[in-house]
Amino acid sequence: MLEVLELFDRPAVLHSIYLIGSLILFFIGLYGLLAKRHLLKIFVSIEIMELAVYLILIAIATTPGETAPILSDGFTAFTSMSDPIPQALTLTAIVIGVAVTALGTSMAIQYHRLTGKVSVGEMTELKD
Amino acid sequence: MTLHFTPVWFIAVPLLLAFLAPLWVRWRLLMPVLFSAQVALFVLALSWLPTVRIAPILETIVIAPPLGIHLHLDAIALLLVALFSFAGAIVSAFIWLDNGAAHLRERPAFILMLLLIAGSNGMVLTGDIFNLYVFIEIVGVSAYALAAIRRDKTALEAGLKYVIVGSVAAIFILFAIVLLYLQTGQLNIAALAQAFGNMPAQMQLLIGLLMLIGLSIKAELFPFNFWVPDIYRGSDPEITALYSGVLVKAFLFVLFHLTFILLADPTVARNWLMALGAITMIVAELVALRQNDLRRMLAYSSLGQVGLITLALAFASEATTAGALFHMVNHTLIKVLLFLLAALMLRQYASLKLTDVHGLSRTMPLAAGLFVLGALAVLGLPPFSGFISKLWILKGFADVQTFWPVALILTAALIEAGYYFRWIRVFYAPTDALPMAKIEGEKTLNYAPLLVIAGLLIVLGVAPFLLEDWLQQAAQALLGREALLNAVLGVQP
């Protein structure tokens, strides 16, 4: 039993699990984007896809056993520390993602108030 | 103390002015600030030309590359920055002089337009790939909001479509950047270029495909451009002038900059990108034939020109690249002219359907005349600059005995002639109806920015040598992978 648990703790196995999980999440988002017509569901799907990409970045760049890259009592050298860049990048990307989603949903709400429509299928104003 | 001009000004000045918007509102200076900022940046860009000709300017922010972020101002970046500021200046002058479109002269539009310009400049200048993503998103968010700024049904629909398609594109770009970082541990584009060749071939292909999908959506290449005409139809024509003139050019540059620098041998991607460009061009021109709304027609015409520029850039020879860059400049000028004309016509006619604009030349003779001029320039007839740029592209292909693009480009020009003359015939159709009464606020001063563009199209057509050196250097800078790597990574203290 213990061996099985230790097997799961090995970076290669752990990374594959994270990778497979994130990719499944990505394709769930892609499916929602293509199959759903409701505006809010589309934004939710986009968010799920985005999240999957963040997860890949964070999960693969970190290995179990690494500590936060902060020099403090007891830690005076940058050894066995995780790479701080992916985390900084993910934070930035999350902020951007929130801004875009907020903009999109606020537009969707305004559009609903004006027209009563919620589906991209009903958006025909711009066709000839 | 003297002020020290650096490339970061092209990004920082518009951002700072945008954040100070409440001040300009209080002092009633919004439009003057918008206009003079663009003019100042344009003059600044021109004043740098002699320096950049000798050697590209590298500006390091805090830490030297490859660890820190740096801005890279070479001949091509300078060309595009100057072009963007010029297009921005023309559009803001037009909005300023114009009496209609009040929502474009308020604070939100002011801020968003400055952010759009700042982001586009940043995309062209930055040497760091994550920084590039941030600028892509800045440009994206301001473009989505600008599309919906009129806040009526059509504008909101355009904005929603844009935000959905645009954020999906951004996810693909982010995915490619994430994979690049995980594979190489680098974010600096030059350092990535060195490491790219050592990656497994499948990984290279995957990253390339993700990048291509993301950037093709943003740069409006077939088959990812289905959304473009809707957006161009729903947004204000003044704004679409910026999309077609600034945004698409910035994304095209990013696409080809990354292709040429990441791939040690750009011929790997040559056939694919050329095919993409050729299909985009032909499909868009054919569909444009059937459009019954002026803005949709202009959107498809814009896509056709983007396809032509892609076709010529992808060939990766110096002659076609210089021609393509010249055509980029021309296309920006022409499409800004045509979309601003569409804005004026829309004000007068309320609808730009083919059946509604019969005999337009009797009511708006100057607008119809300028439309003819723009159409001739886009078709590439002398003495307009479009002729020279198409000639350079065709000559570039013919010199190396590649004739299929030549045939395609000429066919596309014929189709283009078909639909532009269809509209011109309607404008000049004889009608019994009296000329429409001019709507209030229509004045000749509105046409001043448009006449500037028209003049420039003729000047560049008669005297292309004014830009020739600069364009040659820009083409060398775009294709010169080694030089760029050396400049960024070679000499480091």
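Every read-out reported here was derived from the displayed coordinates using simple, explicitly stated rules and does not represent laboratory data. Please read these numbers as outputs of a predicted model, since none were measured by experiment. Don't worry about glycine lacking a Cβ; one is built from the backbone with ideal geometry, like all the others, and counts go over all protein chains shown.
For region B:129-208, a Kirkwood radius taken over Cα pairs fed into Stokes-Einstein (37 °C, viscosity 0.692 mPa s) yields D = 231 µm²/s.
Solvent-free Debye calculation, one equal scatterer per alpha-carbon of region B:309-354: log10 I(q)/I(0) at 0.17, 0.19, 0.24, 0.26 Å⁻¹ equals -0.58, -0.63, -0.76, -0.83. Which one of B:415, B:444, B:385 has its Cα pushed farthest toward the positive end of the charge dipole of region B:303-454, where Lys and Arg give +1 and Asp and Glu give -1 at the Cβ? Ranked along the dipole, the leading option is B:444. Taking the helices alone, chain A has a mean residue ellipticity at 222 nm of -24000 deg cm²/dmol, built from -39,500 (n - 2.57) per DSSP H run of at least 4 residues and averaged over all its residues. Suppose R0 equals 60 Å; then what is the FRET efficiency for residue B:350 and residue B:5 from their Cβ-Cβ distance, rounded to the nearest 0.05? Plugging the Cβ-Cβ distance into 1/(1 + (r/R0)^6) gives 0.85. Placing +1 on the Cβ of every Lys and Arg and -1 on the Cβ of every Asp and Glu, with nothing else charged, gives region B:293-480 a dipole about its Cα centre of roughly 460 debye. Global dimensions of chain B from alpha-carbon coordinates: Rg and Dmax equal 21.7, 77 Å. With the highest mean first, a sort of the peptides B:380-390, A:4-14, B:34-44 on other beta-carbon atoms found within 10 angstrom per residue produces B:380-390, B:34-44, A:4-14. Give me the percent of Cα-Cα pairs in region B:293-480 that sit more than 25 Å apart, rounded to a whole number. When all Cα pairs of region B:293-480 are counted, 38 percent exceed 25 Å.
Over the Cα atoms of region B:169-261, the radius of gyration divided by the Kirkwood radius equals 1.06; this is the Rg/Rh ratio. Shielding value for B:150-163 is 6, the average number of Cβ atoms from other chains within 10 Å of each residue's Cβ.
P(r) tail for region B:197-316: Cα pairs beyond 24 Å make up 27% of the total. Here's the picture: charge each Lys and Arg Cβ at +1 and each Asp and Glu Cβ at -1 in the protein assembly as shown, and of A:108, B:292, B:317 the one pushed furthest to the positive end of that dipole is B:292. Here the label points at residue B:289 and residue B:399, each 7 Å from Cα along the C-beta direction, are separated by 3.4 nm in the simple model.
Counting every C-alpha pair in region B:217-274, the share spaced more than 17 angstrom apart comes to 48%. Size of the protein assembly as shown: Rg and Dmax of its alpha carbons, in Å, are 24.8, 93.
Please compute P(r) over all alpha-carbon pairs of region B:36-83, binned at 10 Å starting from zero, and give each bin as a whole-number percent. In order of increasing distance, the bins hold 26, 44, 28, 2 percent. Once you order the gyration tensor axes a ≥ b ≥ c over the Cα atoms, which shape class does region A:1-125 get: rounded for a/c under 1.5, otherwise prolate or oblate by comparing a/b with b/c? Judged from the Cα gyration tensor, region A:1-125 comes out oblate (a/c at least 1.5, b/c at or above a/b). Suppose only helical runs count, i.e. DSSP H with n ≥ 4. What mean residue ellipticity at 222 nm does that imply for chain B under -39500 (n - 2.57) per run, divided by all residues and rounded to the nearest 500 deg cm²/dmol? That comes out to -24000 deg cm²/dmol. If you take all other residues with their beta carbon under 12 Å from the beta carbon of residue B:252, and give Lys and Arg +1 and Asp and Glu -1, the sum is +1. Here r is the Cβ-Cβ distance between residue B:106 and residue B:432 and R0 is 45 Å; the resulting FRET efficiency, rounded to 0.05, is 0.60. Among the chymotrypsin sites (Phe, Trp or Tyr not before Pro) found in region A:31-128, those both in a DSSP coil and sparsely packed, with 15 or fewer other Cβ atoms within 10 Å of their Cβ, are A:78. Each Lys and Arg contributes +1 and each Asp and Glu -1, all at the Cβ; summed about the Cα centre of the protein assembly as shown, the dipole is approximately 1820 debye.
Less than 20 Å from a label point 7 Å out along the Cα-to-Cβ axis of residue A:5: which backbone N atoms in region A:46-73 qualify, by residue? Backbone N within reach: A:64-66.
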